[in-house]
Structure formats: structure tokens, C-alpha cells
């Protein structure tokens, strides 16, 4: 991670919600999910929050680095319909070694639909891939 990353770094991401990002599509294997209303699924909203944080980090990463989500604490307070655009704002609030904390907020043009905090850790993809290989072996995969 470059020294250029500092508290206050921000990014904004906008995404038009397609029907494929609604609750019935979150786990189509589940009859319960398939029977729920077609509104933005909390799981997909969390993905948008993470995506915005990735955008904040992108210009500050060294070649071969990436980040992984390690903590999420957010609300999901309003339904968003397919066709609406969700705008997410992410801001770095703290950096502790390789751990980066964010404040995140999502709005759908009518309401704040979610907000809270998220944490990511900066990783070397080569090192992470080695750990995955070790885990796959240990799991018999």
C-alpha cells in the first residue's frame, strides 16, 4: 500500500439496480428467498458498499496488492426497486497497518437506504493464493 492513502480519502459509486440484484436472486436455491419481494437484496447492497471502498483504495495499491473485507456493520433501512440508481459514498476513517476502516452510506434518490462502517485488509494476492492452496489441501479439495 502506498503512503498516499490517508484518512479522508473518498469515492462515490453509482449503480442502476437490475432485477438480478433483488432478493429472489440472492440465493435462488432457497424457496424463501424466491418468494420475497423484488427489491435490492441486503447482500447485494453490501457488495455495492464494498465496491465503493475498493474504488477508494484502487489508486493507493501497489502492483499485486488487493484488499479483502474483514468486517461490516451497516443498516439497510429502505427498499430499492429495480431501475432505481443507488449512489454509495465511502470515506476512509482510519488506517492501522494493513487495516483500513471506512464510513459508508448508500442513497437511492429517495432515501438513505443503508449506512455504517466497513473494514478491509490490504493483501498480497500471491501470498493469499498460497494460503488458499494450503487450505484447499487441508480441506481435501
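Only the coordinates and a few stated rules stand behind these numbers; no lab work does. Note that the structure is a prediction, hence the values are computed from the model and not measured. We place every Cβ from the backbone using ideal geometry, glycine too, and count neighbours over all the protein chains shown.
Computed values, structure above
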quantity: Breaking point among (1) without any contact (Cβ under 8 Å) to a residue 60 or more places away in the chain; (2) under 24 Å from residue 105 (Cβ atoms), for residue 13; calculated: (1)
quantity: Residue 92 being under 16 Å from residue 121 (Cβ atoms) and in contact with a strand residue (DSSP E or B) (Cβ under 7 Å, 6 or more places away or on another chain); calculated: yes
quantity: Residues satisfying the stated conditions in region 37-94, i.e. in a strand (DSSP E or B) and buried (at least 19 other Cβ atoms within 10 Å of the Cβ); calculated: 40, 67, 86, 88, 90, 92
quantity: Hits in region 3-26 - residues which are more than 16 Å from the chain's Cα centre (by Cα) and closer than 30 Å to residue 99 by Cβ; calculated: 3, 4, 5, 6, 7, 8, 9
quantity: Residue, surrounded by the fewest Cβ atoms within 10 Å (Cβ to Cβ), within region 98-129, restricted to residues that are touching a strand residue (DSSP E or B) at 6+ places or on another chain (Cβ under 9 Å) and assigned to a helix (DSSP H, G or I); calculated: 125
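So that you can scan it fast, the table gives a plain yes or no per residue for (1) closer than 17 Å to residue 46 by Cβ; (2) touching a residue at least 12 places away in the same chain (Cβ under 8 Å):
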{"residue": "71", "(1), (2)": "yes, yes"}
{"residue": "75", "(1), (2)": "yes, yes"}
{"residue": "78", "(1), (2)": "yes, yes"}
{"residue": "90", "(1), (2)": "yes, yes"}
{"residue": "111", "(1), (2)": "no, yes"}
{"residue": "115", "(1), (2)": "yes, yes"}
{"residue": "131", "(1), (2)": "no, no"}
